[in-house]
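Here the structure is laid out as structure tokens; the discussion comes afterwards.
The values are calculated or read from the model by the stated rules, or taken from the named source; none is laboratory data. What you are looking at is a predicted structure, and each value in this text was computed from that prediction instead of being measured. With ideal geometry, Cβ positions are generated from the backbone for all residues, glycine too; neighbour counts draw on all protein chains shown.
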């Protein structure tokens, strides 16, 4: 099990990025359109952290891990069989791979396939 992308949705992107940069000696990118305007930082293990603002009025701040999988459809079927709700079915982000979001135990989770 490998974390591929950690998505943090916050109402104050710049403040949070500045705090992470100061505490961890990392640097976040300018907003990336394909990732909903997230400012992204690549960690030493090649996983990434993206910090973005809510994309709609109803989206609340959240921390959502995206786990790297070899077969996103198979992974979605497995969690759905265990009672998870599929919130966003597998979608392609050009040049970045495919992702999906599911809710299990009232917690947002994601899968990412390269």
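Out of (1) modelled with pLDDT under 95; (2) more than 21 Å from residue 113 (Cβ to Cβ); (3) in contact with a strand residue (DSSP E or B) (Cβ under 8 Å, 6 or more places away or on another chain), what's the single condition that is false for residue 1?
Failing condition for residue 1: (2).
Consider residue 50 carefully, then state whether it is touching a helix residue (DSSP H, G or I) at 6+ places or on another chain (Cβ under 9 Å), closer than 23 Å to residue 27 by Cβ and surrounded by 17 or more Cβ atoms within 10 Å (Cβ to Cβ).
For residue 50, the condition - touching a helix residue (DSSP H, G or I) at 6+ places or on another chain (Cβ under 9 Å), closer than 23 Å to residue 27 by Cβ and surrounded by 17 or more Cβ atoms within 10 Å (Cβ to Cβ) - is met.
Would you be able to tell me the number of residues in region 80-112 that are closer than 21 Å to residue 33 by Cβ and touching a strand residue (DSSP E or B) at 6+ places or on another chain (Cβ under 7 Å)?
The number of residues fulfilling the criteria is 12.
If you take the residues in region 24-42 that are closer than 22 Å to residue 100 by Cβ and in contact (Cβ under 8 Å) with a residue 12 or more places away in the chain, which one is surrounded by the fewest Cβ atoms within 10 Å (Cβ to Cβ)?
34
Taking only pairs six or more apart or across chains, which ones have beta-carbon atoms under 7 Å, a first residue in region 1-20 that is closer than 16 Å to residue 55 by Cα, and a second residue that is assigned to a helix (DSSP H, G or I) and modelled with pLDDT of 95 or more?
If the second residue must be assigned to a helix (DSSP H, G or I) and modelled with pLDDT of 95 or more, the pairs left are 8/16; 10/16.
Just checking, which of 62, 51, 33 is within 15 Å of the chain's Cα centre (by Cα) and farther than 23 Å from residue 107 by Cβ?
Within the list 62, 51, 33, the selection yields 33.
Anything in region 56-89 that is in contact with a helix residue (DSSP H, G or I) (Cβ under 9 Å, 6 or more places away or on another chain) and under 24 Å from residue 46 (Cβ atoms)? List them, or say none.
Listed by number, the residues that qualify are 67, 69.
Of (1) in contact with a strand residue (DSSP E or B) (Cβ under 7 Å, 6 or more places away or on another chain); (2) surrounded by 12 or more Cβ atoms within 10 Å (Cβ to Cβ); (3) farther than 26 Å from residue 106 by Cα, residue 21 satisfies all except one. Which?
(1)
Could you list, in sequence order, all residues of region 59-81 that are part of a strand (DSSP E or B) and exposed (fewer than 14 other Cβ atoms within 10 Å of the Cβ)?
62, 63
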